[in-house]
1. For segment 181-192, indicate whether the set of residues that are at pLDDT below 95, in contact with a Pro (Cβ under 7 Å, 6 or more places away or on another chain) and not aliphatic (A, V, I, L, M) is non-empty.
2. Evaluate segment 210-223: report whether one residue or more is over 20 Å from Leu179 (Cβ atoms), free of Cβ contacts under 8 Å to residues at least 60 places away in the same chain and surrounded by fewer than 23 Cβ atoms within 10 Å (Cβ to Cβ).
3. Taking Ala253 as the residue in question, decide whether it is out of contact with any Asp or Glu (no Cβ under 8 Å at 6 or more places or on another chain), within 15 Å of Ala169 (Cα to Cα) and either touching a residue at least 12 places away in the same chain (Cβ under 8 Å) or part of a strand (DSSP E or B) (or both).
4. Can you find a residue in segment 238-251 that is of a type outside the set (D, E, K, R), under 15 Å from the mean Cα position of the chain (by Cα), closer than 16 Å to Leu163 by Cα and surrounded by 14 or more Cβ atoms within 10 Å (Cβ to Cβ)?
5. Of the conditions (1) of a type in the set (D, E, K, R); (2) closer than 17 Å to Ala85 by Cα; (3) at pLDDT below 95, Arg196 clears all except one; give me its number.
6. Would you mention how many residues in segment 147-175 are touching a helix residue (DSSP H, G or I) at 6+ places or on another chain (Cβ under 7 Å), farther than 19 Å from Thr124 by Cβ and among the β-branched types (Val, Ile, Thr)?
7. Please enumerate the residues belonging to segment 170-191 that are of a type in the set (A, V, I, L, M), surrounded by fewer than 24 Cβ atoms within 10 Å (Cβ to Cβ) and under 16 Å from the mean Cα position of the chain (by Cα).
8. Looking only at segment 150-165, decide whether some residue is farther than 23 Å from Gly77 by Cα, among the β-branched types (Val, Ile, Thr) and not in a helix (DSSP H, G or I).
Amino acid sequence: MPPPEVSTEAVVSTAPDPGAPADHLGPVDEGNDAVDTDDTLDLRLPDELVALIAEESLTSADGAATADDGLLDQLAGWGPVPTSAGVFQLVPARTERDLPLISRWMNDPAVAAFWELEGSVSLTAAHLDAQLAGDGRSVPCLGVLGGVPMSYFEIYRADLDPLARHYPARPHDTGIHLLIGAVGDRGRGLGAVLLRAVADLVLDRRPACSRVVAEPDLRNTASISAFLNAGFRFSAELELPDKRAALMMRDRALRGLI
């Protein structure tokens, strides 16, 4: 479970509970327009990561067991999807490979305000390891856009998370936590683009899931706006242990209308 703050980021605690991903969606922009992808980020996808993405995709295609086989329907094999900002893919995180990058993002003040994982690399490592050592109900991922790792996601079973104690959960409800890493990628409409893409991935790849949920801090108005622009609806205010949150939902039945 992420540091103290739940939500879209999700519910967080310094020593994360594998079943409770980070509560915060970190800094997110409000727009939903097509994104200009001409800007060059300072981080290009290393050849090793390209190879690992291919390796993980092949492993999933071959039917090899993965940690989330039974709970998140082989997330590692969900594959890339087109978006208005470029081709996007969720790549399950590995501590030994991705910790420096994710820790750097967590130490950005705008991210730290909601994720509360700033400081030593060991804090981020503990947060990742708690999920990776669990039963697969929460999967930390890099969001790779156009070949560039530029965001961090946690896809989790909300119905198996402590969050389920605070709202009328349904079987297979799936939660999203998101942060956008680079300052240059914020304020460009990417938050809504990525949230819509990931919510669609969940609904397409998890036929038993009827709703995608998130619980951003009510103070995080940019995050809430991004969810609304991504086709989520505001459902309720939740009094969670570490914050007052907006319960956001994207319903399978409404996905073609919002």
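1. Within segment 181-192, one or more residues are at pLDDT below 95, in contact with a Pro (Cβ under 7 Å, 6 or more places away or on another chain) and not aliphatic (A, V, I, L, M).
2. Let us first name the residues in segment 210-223 that are over 20 Å from Leu179 (Cβ atoms), namely 210-211.
Retained after the next criterion (residues that are free of Cβ contacts under 8 Å to residues at least 60 places away in the same chain): 210-211.
If we keep only those that are surrounded by fewer than 23 Cβ atoms within 10 Å (Cβ to Cβ) as well, we get 210.
Scanning segment 210-223, I find at least one residue that is over 20 Å from Leu179 (Cβ atoms), free of Cβ contacts under 8 Å to residues at least 60 places away in the same chain and surrounded by fewer than 23 Cβ atoms within 10 Å (Cβ to Cβ), so the answer is yes.
3. Numbers: out of contact with any Asp or Glu (no Cβ under 8 Å at 6 or more places or on another chain): yes; within 15 Å of Ala169 (Cα to Cα): no; either touching a residue at least 12 places away in the same chain (Cβ under 8 Å) or part of a strand (DSSP E or B) (or both): yes.
For Ala253, the condition - out of contact with any Asp or Glu (no Cβ under 8 Å at 6 or more places or on another chain), within 15 Å of Ala169 (Cα to Cα) and either touching a residue at least 12 places away in the same chain (Cβ under 8 Å) or part of a strand (DSSP E or B) (or both) - is not met.
4. Quick first cut of segment 238-251, residues of a type outside the set (D, E, K, R) only: 238, 240-241, 245-249.
Keeping just the survivors that are under 15 Å from the mean Cα position of the chain (by Cα) gives 248-249.
Narrowing further to those that are closer than 16 Å to Leu163 by Cα: 248-249.
Applying the additional criterion that residues be surrounded by 14 or more Cβ atoms within 10 Å (Cβ to Cβ) yields 248-249.
There is at least one residue in segment 238-251 that is of a type outside the set (D, E, K, R), under 15 Å from the mean Cα position of the chain (by Cα), closer than 16 Å to Leu163 by Cα and surrounded by 14 or more Cβ atoms within 10 Å (Cβ to Cβ).
5. Only one criterion in (1) of a type in the set (D, E, K, R); (2) closer than 17 Å to Ala85 by Cα; (3) at pLDDT below 95 is unmet by Arg196, namely (3).
6. Result for segment 147-175: 1.
7. So in segment 170-191, the residues of a type in the set (A, V, I, L, M) come out as 176, 178-180, 182-183, 190.
Within this subset, residues satisfying the condition of being surrounded by fewer than 24 Cβ atoms within 10 Å (Cβ to Cβ) are 182-183.
Ala182, the sole residue that qualifies.
8. Looking for residues that are farther than 23 Å from Gly77 by Cα, among the β-branched types (Val, Ile, Thr) and not in a helix (DSSP H, G or I), one finds none in segment 150-165, hence no.
The values are calculated or read from the model by the stated rules, or taken from the named source; none is laboratory data. All values reported here derive from a predicted model rather than from experimental measurement. For neighbour counting, all protein chains shown are included, and Cβ atoms are generated from backbone atoms with ideal geometry for every residue, glycine included.
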